[in-house]
Structure formats: C-alpha cells, structure tokens
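Structure first, then comments.
The values are calculated or read from the model by the stated rules, or taken from the named source; none is laboratory data. Values in this document were obtained by computation on a predicted structure and should not be read as measured data. We place every Cβ from the backbone using ideal geometry, glycine too, and count neighbours over all the protein chains shown. Please note that ligands, DNA and RNA were not included when accessible areas were found on the heavy atoms of the full protein model with its side chains. Shrake-Rupley method; radii C 1.70, N 1.55, O 1.52, S 1.80 Å.
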Amino acid sequence: MNTRRWLLLLAGLWLGVLLPVAQAAVTTLPRMERIATDARSPPPAAVTGAEVPMPDIDHVAAAGGSGPVRWYRGHFDLPADAPLQQGWAVYLPYLYQGGQVWLNGVLVAEVRENDGRVRVMWEGPHFFDLSGGVLHPGANELALRVAAGPAREVLRAPQPQVGPTRELKPPYDQRLFWTQTVPEITAVVCMLVAALVLIIWWRRPGELLYGLFGIAAALWGVRTLTFVLGQMPAAYWHLWRVVYLGATGGFIVVLAIFSLRLAGIRRLGLERALLAFGIVGPLWLLLAGEGAEQLVNRVWSAALIPIGLGILGLGICTVVRQRTWASAVLPAAMGLAVLAGLHDYLLAWGEVSLARAVPEWAHQRIFLLHHSANLVLLAMGGLLTARFIHTLSALQELNQTLEARVADRERALAANFERMAALQQEHAASRERQRIMRELHDGLGSRLFTSLSRVERGDMDAPQIAEALRGCIADMRLAIDALMPEGHDLRTALGNFLFRWQAVLGDAGVHPTWTIDVPDGSRPLKPQEVLQLLRIAQEALTNVLKHARATQVRVSLSQREDALLLAIEDDGRATPAPLPAPAGGGRGLRNMHARARQLGGTLTVDFTPHGGRVRLALPLSPAGADPAIP
C-alpha cells in the first residue's frame, strides 16, 4: 500500500509535465486486432486475429514460435465535416524496434527495423504526416507493423492517435523533448563537467569527492547515450549493452562510495565490495552473451535497488546527525532517484502491476531514472560547490587573519627594532664614553698624576713642568681631534695633527715633509681607530725628537688596495726607545705594537745608521663592515 502511494506521488509530480493532454479532435484507437505474422504488408481482411486493448504487451517467445513481428489493425470513422485540408497526422509515443504505418492500404511511413547489419532501439516518439489524400471522411483502416528485438521476449505496441497536426504536434514535441533532447543535453553536459572535475582531481589528488563526482558524471553521460543512439552496427551491439550496463551499475556504486566519504565513513572493504559488485553484471553479460541480457537485467539490476536504499538511509542518518539544509539535499535527490529506479524497474519488468496502479501513466512508458539522476548529479555538484565556496571563504578569512597577525607582528618587530636601535645607540654612546674616559685616564690623567707627584716631591723645575703641561695639552688636543664628529675623516684629523707638530719639529730643528694619498671613497675609520692611529704617529714623532737627532722627517699616509699604510721615516742616528714604558705614560714601542694589534694591523720598526722607519699596515674591511676594536 505504501509503495503504491509513493508511486502515485511520483507519477503526480511528472504527470503535468510529461503526460500529453487529450485533444477533442484527436481520434484514439483504444482496441485493435493483433495478427501474428511477419508479412511485409498488412494481412488481408480474411486473416483475423485477437482483439486487444491498446497499448499492447505481447510475449512473443510464448506465441507458438510465430516470429518476432505483430500486425495491429484498427478502424476509425471521421465525420464528413472533418477539416482534412488543414493537415492530419499519426502520432505514436514509441516504436522501439521499428515497423510500418499503413492507412487505407497505403504505406504512410516506415521505421527501420533490426536486421543482420544494424540493431535499433528507438526511444523517441514518431510523427507521420497523412497528406496525399490517404485519409478520407467515413471509415478508415490503420495498420501497424510492430517488430521485436532478436533477444527480446516482450513486444510492445503503442496506442496510435490520429488527428489534426496542430493538435498532435504539441504532445509529440513534449515527449520528444523529454526522451531525446534532454538526454542529448545531459550527455554533453555530463561529459564536459566530468572532464573539468577530473582535471581538478588530477591536479588535486587529495580531493577524492571531486574525482568520484567526475567519474559519476562521466558514467551517467555514457549511460544516457542509449537514448541518443537510435541505431548501431550489429557487430557492436552486444559490447554496447555491456558498456551501458556497466555505466548504470558503476554510477550507483560510485554514488554509494561518494555518500560514504561525504558522511565521513571510510571502509575500504565495503568500497571494494561495491566495486566488485559493479563489475559482476557487465562481466556476466559479456561472458554469457546477448541472449542473457534479459536475465542479467532482471536479476543484477534489481540488486542495485537495495544499494540505492542504503545510500538513502545513510543520507537520512547524516541529516539527523548534522541537522543542516545542505546535508538534506543529496538524500532528497536520492529519494527521488530510488523511487524513479523502482518505477523504471516496474515499467520494464512489472508493467502489469504498474498499470493497475496508474494505468494512464504506465501506458505512456516514460522512464524517470535518467531525469532523477540528473537531480542527483546537480545535488552532488551543488554540495561540492558549497564546500568549495566554504573553503574559499575559510581561506579568505584565514588570509585576513594571517594578514592581521603579520601586521601586528610587523608592528611589534618595528617597535622591537626601534627599542633595539635605541639600546644600541645608548650602548654605543656608553662604550664611547668609556673609551674617552679610558683614554683620558690612561693618557692625560696619567701624565697629570705623574707630573703632580714629581712636583710635590720637588723633582721638577719650571722648564720640566712647562714641558709636562705642553705634553698634556698635546694629548688633550689629540683626543679632541680624533673624537670630534669631523674626526671620522682621517685626512682632516691627520692634517690637524701634523699642523700642530710642524711647529714643534721646526723648533727642534727638524724639517717635516707630509704626504697624504687617500682616495675620497675609502672606508671612514671610527673615532677610536683614528685616535689609536694618531697615537702611534705621535709616539713615533716623539721618538724622533728625543732619540733620533734627525734633521728631516717624512710622514706619509696612503692606501694600497685593501690596506691603509702609515710610514714615518727620519735621517737621524736613532737608537730604539726603551721598551718598558713609564707607568701610565703610554709610550714606548710596546705601546705602539699594542695599539697596532688593537687596530688589527701590523707595525714594523727598523733602525739603521742612516735613519729609522716606523711603518703601520692597517687592513681595511669591505664597505659596510664594522670591525670591533678591542
């Protein structure tokens, strides 16, 4: 009782769209005489048969071996005022295996039948024009030759309709659209969608749902070709039926795996079992031959219905668990598909039972599975599209979140960098102050303390005190020149240094000569480096005054490749200054070597009978380097 109610509901959904509307001027032949003969022309009036209601179903295999052809003969009357000049036609909803249409003994039309070279399966309707005066007022005789397929047990004859063209053309166009045009569109769209989705799956192998959807669309596109290909060479017919059966079962199996994965269920054993079952039917038909098609379809296709019910049940469980409209889309489409599949199975193998429930609908023989499967594919595509859009939205939200986080991190890094720069500046200033303090302590402070101690002991007279003070002033000026902002320019600092020493050397009877050959693009030295270099020069000139008894001194500063060279040469008869320097005085060759090591350079001191030479080689680091000075 429940099944009948569902079938009535399904039929009602499609009835207003697919069922033709009866026209007042159209003549329908409700009953015709069925004659078992394979003649190529209508049997004579003397040959009679059984009168049967139309449409008719005849089990030809049980008809005493009379052959797979039946003739149907019927009579109808037209009134004398029938508008025959407006054009009349014969409309047949189907004529699957071909045949002929005769009116009043005249062949009106012929639809190709099966022969040894070609196999046919005409799924669409037929419309034949009755021009040429073959139709006349009064009594008319219509004869139909209906053929059956070589491997078919059932012959189906349609109920013919005769009427004005303007009234029969709309139902013909309507049925043609649903049985021919829609399958053609479905096949093309399925193939295009399958190609696109499978390319996506090829590029993104982890997206299995896209791959399953693409395979399902491709299988259904192949299966739909059976409504498009009306005829085919007989040599390929059996192979085509195997492909058709495999596409039908494969679509159901792939849909089942898609539903399992969509619900988050991954059972490899169950998936392999479904795939194995999908192969059984086509393999059975391939090995058993064309004669087994009826049995394979009846048994194996019936087993696909429980799989469809399982998919429907799984979808309902998913809806109950997730409670979202999106989760209900596929189960709703699957519910319609299962009902449509049950309807088509009854229409193919239990037509009598279906005719008892909905006779008018059953007589139209309209298969619904290929329409409801389109809804299933739309539901699958809609779900994947929704998932894709959701993924894009999630990625966009994630990108925005990441951008916000990156911006926050950049601001934090900028703030940290500013704090680090401030700390570095503070640290550099602190180090510079410590260096100045150390220089003042080791140089000027030590001189003043030593001089003060000697004065307090009475060890220094006025000239000695004046000399000590001049030395302190020289140390102070040297530090000021080196640590001034413009002191970063070694040439300027060295020029000021030599300018002060020129007068000192001149008063001592020593003639100085200066040579500075440093290019403008050379790396500037740090103030501490300049100070150390000037102290080495000061120590060397002091030794010239005190020990060399020279008359000339040459000071040169030059740059050779990656090194800075400072040379001080005199013509005196010098002897080396004592190595142990006075406490805190900062003098002596030992101090000069120590300062050279602090600069990372090399100091060489040579003494000959003809004079002495102090040479400092200071390597220059590459531009942008910042070597630390101990």
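Worth a mention:
- Charge-dipole axis of the chain as Lys and Arg at +1 and Asp and Glu at -1 on Cβ define it, positive-most pick from L168, P359, W122: P359
- When Rg and Dmax are taken over the Cα atoms of region 184-235, they come to 13.2, 43 Å.
- log10 of Debye I(q)/I(0), alpha-carbon scatterers only, for region 271-344 at 0.17, 0.23 Å⁻¹: -0.73, -1.01
- The angle between the Cα long axis of helix 293-322 and the longest principal axis of the Cα atoms of the chain comes to about 50 degrees, rounded to the nearest 10.
- The H on the amide N of G611, modeled in the peptide plane, is under 5 Å from the matching H of A574, each at least 5 residues off or on a different chain.
- The string of couplings for region 219-230 from the Karplus curve (6.51, -1.76, 1.60, θ = phi - 60°) is 4, 5, x, 5, 5, 5, 4, 5, 8, 9, 7, x Hz, one whole number per residue in order, with x for Gly and Pro.
- Given a 1.4 Å probe and the protein chains as shown, W102 ends up with an accessible area of around 40 Å².
- Dividing the helix sum by the residues of the chain, where each DSSP H run of 4 or more adds -39500 (n - 2.57), gives a mean residue ellipticity at 222 nm of -18500 deg cm²/dmol.
- Electrostatic tally near Y210: other residues with Cβ closer than 12 Å to its Cβ, Lys and Arg +1, Asp and Glu -1, net +3.
- Modelled FRET efficiency - R0 22 Å, H593 with M420, Cβ distances, 0.05 increments: 0.05
- Accessible-area ranking of D56, D459, largest first, probe 1.4 Å: D459, D56
- With both labels modelled 7 Å from their Cα along Cα-to-Cβ, the A508 to H136 distance reads 15.4 nm.
- Among residues other than A234 with Cβ under 9 Å from its Cβ, the summed charge is +1 (Lys and Arg +1, Asp and Glu -1).
- Computed extension length for D520-A80: 146.2 nm, one decimal, from 0.36 nm per residue of separation with the Cα-Cα distance subtracted.
- Dimensions (Å) - region 44-120, Cα atoms, principal axes, largest first: 45, 30, 22
- Tilt relative to the chain, helix 325-349 - C-alpha long axis, 0 to 90 degrees, to 10: 30
- Rounded tilt (10° steps) of 446-457 against the dominant C-alpha axis of the chain: 30
- Amide hydrogen neighbours beyond the local backbone of R31, cut-off 5 Å, H modeled: M54
- Separation between Cα centres of region 496-559 and region 279-349, rounded to whole Å: 104
- Close amide H contacts of L368 (hydrogens built in the peptide plane, cut-off under 5 Å, sequence separation of 5 or more or a different chain): D344.
- Count Lys and Arg as plus one, Asp and Glu as minus one, and take only other residues whose Cβ is under 14 Å from that of E184; the net charge is then 0.
- A Förster radius of 22 Å, combined with the Cβ-Cβ distance separating A195 from T385, puts the computed FRET efficiency at roughly 0.85.
- Ordered from largest to smallest accessible area (heavy atoms of protein chains, 1.4 Å probe), the residues K546, K526 come out as K546, K526.
- Protection proxy ranking of 118-124, 272-278, 415-421 - average other beta-carbon atoms within 10 Å, highest first: 118-124, 272-278, 415-421
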